[in-house]
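These notes are about the structure you will find just below.
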There are 2 protein chains.
Amino acid sequence: MSESTVLFHFAFQPASRAARLALGEARIEWTDTPVRPWEDDCPVNDFNPSGLPPVVQTTDRGRPLTLCELPAVLGWIEDQQKAPLLLSADPAERAEARRLTGWFERRFTDEVDAVLLHERMEKPLLKLGPPEARALRHGRDALKSHLAMLEDLVAARDWLAGRRLSQADLIAAAHLSVLDYFGEIQWANWPSLKTWYSKLKSRPCFRPLLADRFVGVPPSAWYADLDF
Amino acid sequence: MSESTVLFHFAFQPASRAARLALGEARIEWTDTPVRPWEDDCPVNDFNPSGLPPVVQTTDRGRPLTLCELPAVLGWIEDQQKAPLLLSADPAERAEARRLTGWFERRFTDEVDAVLLHERMEKPLLKLGPPEARALRHGRDALKSHLAMLEDLVAARDWLAGRRLSQADLIAAAHLSVLDYFGEIQWANWPSLKTWYSKLKSRPCFRPLLADRFVGVPPSAWYADLDF
């Protein structure tokens with residue numbers, strides 16, 4: 001299986017990062033195929049009607065299989081496991097991980113990524129001009145309220161959804177790591193979240209993300225530092 | 001288990017409808033608790049940080065369990081099953097159902113519901129004035145392109161994700177049924193989709209939805225008709 005698995009991804013898209021983290025946690029070996037989803041000839045258009053990464057091409061029981069977007073990737077990884085990996089065995093923790101997955105998929109994406117990553121990442125990529133101060137302020141205010149919510153969760157729990165690492169941690173870390181690259185997170189303000197993030201950052205699955213570089217924008221001074 | 005399951009839902013929210021369809025398909029008995037999520041004292045605020053239905057309160061292995069929002073509800077239902085119910089056993093169909101789930105969760109919600117259901121449903125509910133012609137036109141154009149995509153899928157397959165009914169069918173039917181209540185779907189233009197929808201409409205899980213009534217807006221003439 002593993003030698004024929006290909007991941008189409010964009011290194012600074014949170015969902016693509018979450019797919020890399022999940023494949024890494026599952027110790028699935030894969031070939032990276034970086035794509036630029038905003039370009040007309042992006043190869044993902046051939047497989048996925050939405051045109052969005054992440055897309056995985058693999059084989060399952062000898063048959064070719066295409067997994068379009070994060071829920072299909074996470075679901076397939078979990079389907080392969082003999083014991084729960086990306087979700088806890090505990091029903092309450094499973095429900096909480098699924099709730100948080102949806103929270104990031106909609107609320108965090110709409111309120112933070114669509115504003116802050118648009119200003120900091122999409123504008124330079126698509127040559128849309130400099131960031132707007134007002135939008136940056138809105139995005140940063142929204143980010144603060146999400147970080148406060150996450151801080152409360154990990155102050156009371158080992159991991160976001162409970163006692164076990166879950167897909168919620170990988171997805172949250174995927175989103176936060178892109179914002180951290182652009183220097184948008186002041187970790188000193190969020191001590192429990194900082195501890196949680198440092199645990200994730202130390203995992204082998206995280207290492208490739210810390211080597212990603214965005215053309216024209218160097219990472220924050222602490223981005224790749226395990227002891228930040 | 002079943003006698004202590006409570007569903008907090010809003011009858012014209014697509015995600016709430018999908019939860020009712022999935023609980024019905026799983027033959028789980030539950031008590032309906034209709035809520036009005038736009039009101040400050042909506043009881044869902046006590047359980048779910050987003051304030052959104054559907055929320056299920058149940059017990060699992062003797063312990064109380066709260067399931068916040070559709071992915072947690074669908075996941076828990078599937079976790080209870082001895083054989084796959086809301087997802088096929090086939091890996092490609094599972095991936096396709098998960099892809100389509102995400103498609104409705106984001107693309108259909110943003111491009112159709114957020115426009116058309118805002119104009120037709122939220123404006124009367126929240127007393128925001130009459131619908132705007134331009135927004136209606138945009139929403140209807142978007143709906144048409146989604147219906148064309150769905151028509152192509154079910155022209156080539158028994159169900160949306162392949163040979164088996166899946167959560168993708170329930171979610172799609174949940175969204176379309178709300179739009180159908182408001183008379184937004186001209187079924188004669190989509191013959192394969194009409195056949196697919198009539199198969200769903202005939203299932204016992206669908207019956208309660210056909211009895212829903214929106215205060216001040218009667219349903220389309222064919223809404224509750226199995227032979228439409």
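The values are calculated or read from the model by the stated rules, or taken from the named source; none is laboratory data. Because the structure is predicted, anything quoted here is derived from the model rather than measured. Note: ideal-geometry Cβ built from the backbone for every residue, glycine included; neighbour counts use all protein chains shown. Just so you know, the surface numbers come from the protein's heavy atoms only, side chains and all, with ligands and any DNA or RNA stripped out. Shrake-Rupley method; radii C 1.70, N 1.55, O 1.52, S 1.80 Å.
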Solvent-accessible area, 1.4 Å probe, carbon plus sulfur percent, for chain B: 53
The ³J(HN,Hα) series, computed from each phi in region A:25-35 with the Karplus coefficients 6.51, -1.76 and 1.60 at θ = phi - 60°, rounded to the nearest Hz and given as x for glycine or proline, is 4, 7, 6, 8, 8, 8, 9, 6, 10, x, 10
Spatial extent of the protein assembly as shown: Rg and Dmax, with the Cα atoms as the point set, Å: 22.0, 66
Region B:1-62 - percent relative contact order, Cα under 8 Å, separation 6 or more: 47
Taking the full set of protein chains and a 1.4 angstrom probe, give the accessible area of B:Thr31 in square angstrom, rounded to the nearest 10. 70
Among B:Glu93, B:Glu105, B:Glu39, the residue with the largest mean-square fluctuation in a Gaussian network model of chain B built from Cα contacts under 10 Å is B:Glu39
Using a 1.4 Å probe, what is the accessible area per residue for the protein assembly as shown, in Å²? 44
Over region B:2-80, how many percent of alpha carbon pairs lie in each 10 Å bin up to the one with the longest distance? 20, 58, 21, 1
Computed accessible area, A:Lys123, all protein chains, 1.4 angstrom probe, square angstrom: 20
Relative contact order for chain A using alpha-carbon pairs under 8 Å, separation at least 6, rounded to a whole percent? 20
Mind checking which aspartates and glutamates have their C-alpha under 13 Å from B:Lys199, skipping anything on the same chain fewer than 8 residues away? B:Asp158, B:Asp169, B:Asp225, B:Asp227
Give the ranking of B:Met149, A:Met121 by solvent-accessible surface, highest area first, calculated with a 1.4 Å probe. B:Met149, A:Met121
Antiparallel content of DSSP bridges confined to the protein assembly as shown, in %, to 5: 75
How big is the accessible area of A:Trp190 in square angstrom, nearest 10, if you roll a 1.4 angstrom probe over the protein chains? 40
Separation of alpha-carbon centers, region B:21-39 and region B:112-172, rounded to whole Å: 21
Under a 1.4 angstrom probe, counting protein chains only, how are A:Asp152, B:Asp110, A:Asp141 ranked by accessible area, largest first? A:Asp152, A:Asp141, B:Asp110
Once you've got the GNM for chain B with C-alpha springs shorter than 10 Å, pick whichever of B:Ala148, B:Ala11, B:Ala133 has the biggest mean-square fluctuation. B:Ala133
Rule-of-thumb Rg ratio for chain A [Cα; 2.2 N^0.38 Å; N residues]: 0.99
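Give me Rg over Rh for region B:91-206, both radii from the alpha carbons and Rh done the Kirkwood way, two decimal places.
Using Cα coordinates only, the ratio equals 0.99.
Would you compute, from DSSP H runs of 4+ residues alone, the mean residue ellipticity of chain A at 222 nm, taking -39500 (n - 2.57) per run and dividing by the full residue count, rounded to the nearest 500?
Taken over chain A, the calculation gives -12500 deg cm²/dmol.
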Picking from A:Ala135, A:Gln81, B:Gln57, whose Cα lies most toward the positive end of the charge dipole for the protein assembly as shown (charges on Cβ: Lys, Arg +1; Asp, Glu -1)? A:Gln81
On a straight-distance basis, which lysines could pair with B:Lys123 in a cross-link, Cα separation under 28 angstrom, same-chain partners fewer than 8 positions away excluded? B:Lys144, B:Lys201
GNM of chain B, Cα pairs under 10 angstrom: of B:Ser177, B:Ser50, B:Ser192, the biggest fluctuation goes to B:Ser50
Relative contact order of region B:91-206 (C-alpha contacts under 8 Å, at least 6 apart) in percent is 28
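What does the buried accessible surface come to for B and A, summed over both chains, with the probe at 1.4 Å? Round to 100 Å².
2200
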